[in-house]
Structures are given as C-alpha cells and as structure tokens.
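K.L.:
Provided herewith is a single structure, encoded as structure tokens, for subsequent inquiry.
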Amino acid sequence: MCPGGSSASAGVVPTAAAMPAQPLSDLAAAAADAVTRAKIGESDFPHDPDDEPLYAGRKKIYPQHVSGTFRRVKWALLVVTLGIYYFLPFVRWDRGPNAPNQAVLIDFPSRRFYFFFIEIWPQEVYYLTGLLIIAAMALFLMNAVAGRLWCGYLCPQTVWTDLFITVERWIEGDRREHLLRDQQPWRFERAVRAVSKHFCWLLIAWWTGGAWVLYFGDAPTLVKELATFKAPAVAYGFIALLTFTTYALAGWMREQVCVYMCPWPRIQAALTDEYALNVCYRYDRGEPRASLKKAAALHEHGQAAGDCIDCLQCVYVCPTGVDIRHGSNLGCIQCGLCIDACDAVMAKIGRAARLIAYDTDLNIRARQQGGQTTYRLVRTRTVLYAAIIAVVGAVMAYALATRNAQALTIIHDRNPLFVRLSDGAVRNAYAVHIANKHRETQNFVLQVTGLVGADVETIGSDRNPKGEPIIAVGPDQTRQVRVIVTTPQPLEPGASIPLTFSILTADGQVGATATDRFVGP
Ligand code: SF4
Ligand code: SF4
C-alpha cells in the first residue's frame, strides 16, 4: 500500500522548470470550479483525514465526468456485466424433452440448478462449495496482483453506482452544474430534474429486481405472468425488495456502502503485501504541490516544486471523494478514474503521464532514492492462489465429466434394526433412493451382494427372470423404494455383515453402488 505522499521529501527533483510559463486555457475550468466552490463555501483543499473529528456527517459527492483508459475499461465492464445480468435469463439452451430450455435457471420446485449444459442436483451441492472456493481464491489473487480490482471494476455496488451516477449526470448535469443547482432554491426546473432522476433510478432498480426473479422461472412465461399480475406473490415481493435495495444502495448510499458497510476492504487490507499494485500518488515526482504560477515563482527563487499542480481534478472525479495524494485508504476502491483525470492534466501541461498510477510504495521509494523498480507478479501467494484455483477447477471439471447419470443412496431402518421371524430367519429393511438423471424412464435392476442365499424383496416392483427386482424411475426423477433383505441362515450373535447395493442399467453395466450393513440379533 502506498502511504501518505503528502509529506515533502528531501532531494526531490524540481520538474516545473520544464513546464510552459503561459497561463493555460484549459486550467480555466479548474479556476472556475474554484470560484464555484468558493460560492458554495467548499474548501479549496480537501481535509487531511487525520485532522478530522471521529464523527463527521456525510458530505455529498459530485463526481465529475472523466475520459481515459480506465474509464473506457469501466464502461466496457459495465456494459458486459449488466448485459449478462439483465439478458441471461432470456438465453435458451436445448436440453431435450422433459427439461427446461432456459440456459441459467434455479428451479426450486424441481430442486435443480441449470447452467447451460450442466445440471446440478441437490445431492451435488458440493459443486457450489467448489465454486465458492474458486471465487474466494480469485478475489485473493486479484488482490495480490493489483489491489481492489474487484471493488473498482466488477463489484455490483460499483457497477450499479456507476450507472446511477451516469444517469444523474445526464439529468442534473456534470459536477459544477449539479453543485450550483443544489445550492439554489427549489424551482420548477430543479424539481422536474429531481423527479426525472429518481424516476429513472427507480426504473433501473425495478428492472434489476425483475431480472433477478427471472432466474427462478421460465423468463418469457414469468414476464407475461408479471405483466398480467398472475405471477406468484413471492416474485412481486422479491422485485419490491430488490427495487428498494438497488435504489437505496446505488442511488443514495453509494460510497458509504464501500467505506462503512462492506467487509472486503478490511479483509483485503490484511491480505495484501508490499508487492501488490495499488492506485498510488507518485510522491517521488516532487513536492511541494503548487499551481503553475506558484511553481514558477518557487523556481525563480531556486526552490523545488513537484509535478502536481494541485488542480484537484483527481479528487473531483473520485466516486468516493478520496484524495489519493494522502495515500491509499479504505475509501479508495481503486477504480483508476483519478489516473485518467491526472493524465489529462499532465498531457495539457506537457508533463509525463501517470503521476497517479498503479504502483507500489517500494517502487516509489526506490525511484526517489535513484534505485531500481521491481514488479513481482509471480510470488508465493499469487502462485498459491492460482494453483488452488487450478486444482479445484480441475477436480470439479473431472467430477462433472465423469459423474454418473444415476445415483443410489441407502438408509437402514433404525427401528427396528432387524426382525427375527418365527422360522428363525432374520430380516433387515432399507430405504433405497435411486436418482435417474436421464431424460427417459430407466428400468434399474437392483442387486444386493455380501450375504449368500439372502432374499431381496422390494415393495411394488417387478422381477426379472433371475428374480432380481426391477425398479422403474421416471426421467429426471428420484424414486424411493423399500427393500427387505431376509436371510434364512443362522447368524453369529451381534453379526454385522457388509452389504453392497448395486443398480444395473439397461445394458447390464453397474450404474451406481452403495454400501450398508446387515445386522443380526
Ligand atoms: S482515489 Fe482514485 S482510484 Fe481511488 S476511488 Fe478515487 S478515483 Fe478511484
Ligand atoms: S489531478 Fe494530478 S495534478 Fe491535479 S491535483 Fe491531482 S495529482 Fe495533482
């Protein structure tokens, strides 16, 4: 993490000598902004967080529009992630007859999760465990490589807030216009804009809730049912809940979710190391920060000045209101927008880009002392996280590729454990569950081995010519049958004999096996 870079350091290189001496027209915007801030009583300089009291009321943030590489990356990710979220329920996937054709579907009534060609049954919930492990490791890996990549680019809170801010900017204008309007008394135009903004926010929030419920039923059917008020009440309940949470979190609470509510910044701060890239202000490019005019005056007196001209553009574009020049902190979601803002300023004044950049404090200090910079992408933790992702992913892929299309589970009757018949024979009973994951009905032959001469009887099933029970299970269904195993042979006192239950498929192959015990008196 980059520590505060605001302290001037000895031996800084004066770079302002290279700057053009004439006033710059594009900095007039910054000057105008300063006037605006003066009008509304906003300080020219952000406060040092160390000087602030323990409690402070929320200061509304008016993020300014910015263009640049990181903004383009964020646009692309916003379109991709929201596009996937809103439209995925309408993607179809043909699974043949007797199966839903929605590509991604959480089917609670049938207790199935469908993801394109993958169908997860309730007893295969361990795949979910694998996915959670991979997700956690991916988060750790991102953090080890480049800090809060998740927070800055992919987190739903960031993506939806970005969308809400964009809508707000379209309706209320960019930072300065919005700032001034908020200081004016309520008039018709201001009211219309405010109502329009909240209407658009609610529309997005409602669509967000609506898209969510479409993952739990056939999307086209559910849309029709929702529109005609024939959908289940729980669907309307969840839409209302998600409409409210989206509107509140992305429209009103915004950066407060990241700063106060989300645990990830605290966790990631404990997981990071000195080689992880983070958005840093490169204080090795000189101090003090001074306007072009002040820097020129300093140079005239033989004094140093840094590359930062204190225009505060990096602060104005920040969606969480952070001044990254104070160093990394919990409020910085590392979205990179301040890099774009500062790069634009540097380009205008003819100085090198990336005064703010993804970097490490080690490198900044190394450059300050004239040393070599090092970027260590491959290190123990990154290799370890990547290896865990690869191993868990490979195990899951293997398990998916080789999993049976049928499953068998046995539950021994507990009470009574056994029954002694009048002729001396001993009987044990079992509940046998057979899952048929095929799309057609399957006739499974049940075999029980381990007890020579035992009779196997199932209630309500046919037998094949060999006398073995045949159990028919419908497509994509689970059937429970009661199986009674009886042995006429005398048993040792306290006998506990291992039994193997097998189901044979139509081609005579063993489809699945399970073991239990036969117990005697
Ligand atoms: S300081 Fe920069 S990287 Fe951090 S949240 Fe603000 S704009 Fe994004
Ligand atoms: S945008 Fe760059 S030059 Fe302007 S205040 Fe921020 S760091 Fe300094």
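K.L.:
Taking every Cα atom in region 362-428, find the radius of gyration and the maximum pairwise distance Dmax, and write them in Å.
P.N.:
Spelled out, the Cα radius of gyration and Dmax of region 362-428 are 30.4, 97 Å.
K.L.:
For region 184-314, what is Rg from Cα atoms divided by 2.2 N^0.38 Å, rounded to two decimals?
P.N.:
Taking N as the residue count of region 184-314, the ratio is 1.79.
K.L.:
Could you calculate the FRET efficiency of E492 with K466 from 1/(1 + (r/R0)^6), where r is the beta carbon distance between them and R0 is 22 Å, rounded to 0.05?
P.N.:
Step by step, r from the Cβ atoms, then E = 0.15.
K.L.:
From the cross-link list K74/K293; K293/K348; K294/K348; K60/K197, which pairs have alpha carbons spaced over 25 Å apart?
P.N.:
K74/K293
K.L.:
Looking at the chain, I'd like the Rg to Rh ratio, where Rg is from alpha-carbon atoms and Rh is Kirkwood's inverse mean 1/r.
P.N.:
Ratio value, two decimals: 1.16.
K.L.:
To continue, here is another question. Contour minus end-to-end for K59 and R420, with contour as 0.36 nm per residue of separation and end-to-end as the Cα-Cα distance?
P.N.:
Computed gain between K59 and R420 is 122.0 nm.
K.L.:
Let me ask you something else. Can you tell me the length gained on complete extension of the stretch R92 to A397, counting 0.36 nm per residue apart and subtracting the Cα distance?
P.N.:
Additional length available on full extension: 107.5 nm.
K.L.:
Oh, and also: Which of the three applies to region 354-496, rounded, prolate or oblate, going by the alpha-carbon gyration tensor with a ≥ b ≥ c and a/c under 1.5 meaning rounded?
P.N.:
Prolate is the answer for region 354-496, as a/c is 1.5 or above and a/b outweighs b/c.
K.L.:
Can you list the equivalent-ellipsoid semi-axes of region 111-169, largest first and in whole Å, using the square root of 5 times each Cα gyration tensor eigenvalue?
P.N.:
Taking √(5λ) for each eigenvalue gives 30, 19, 7 Å, largest first.
K.L.:
With the crude spin-label approximation of a point 7 Å out along Cα→Cβ, what separation in nm comes out for R187 versus F108?
P.N.:
5.1 nm
K.L.:
Evaluate the charge dipole of the chain about its Cα centre and quote only its size in Debye, nearest 20, assuming +1 on the Cβ of each Lys and Arg and -1 on the Cβ of each Asp and Glu.
P.N.:
Computed charge dipole of the chain: roughly 640 debye.
K.L.:
Taking amide hydrogens as modeled 1.01 Å from N in the peptide plane, which residues meet the under 5 Å criterion relative to L277, leaving out close sequence neighbours?
P.N.:
A146, G147
A short reminder: the numbers here are calculations on the coordinates, not readings from a lab. Not measured: the values here are computed from a predicted model. Backbone-built Cβ (ideal geometry, glycine too); neighbour counts: all protein chains shown.
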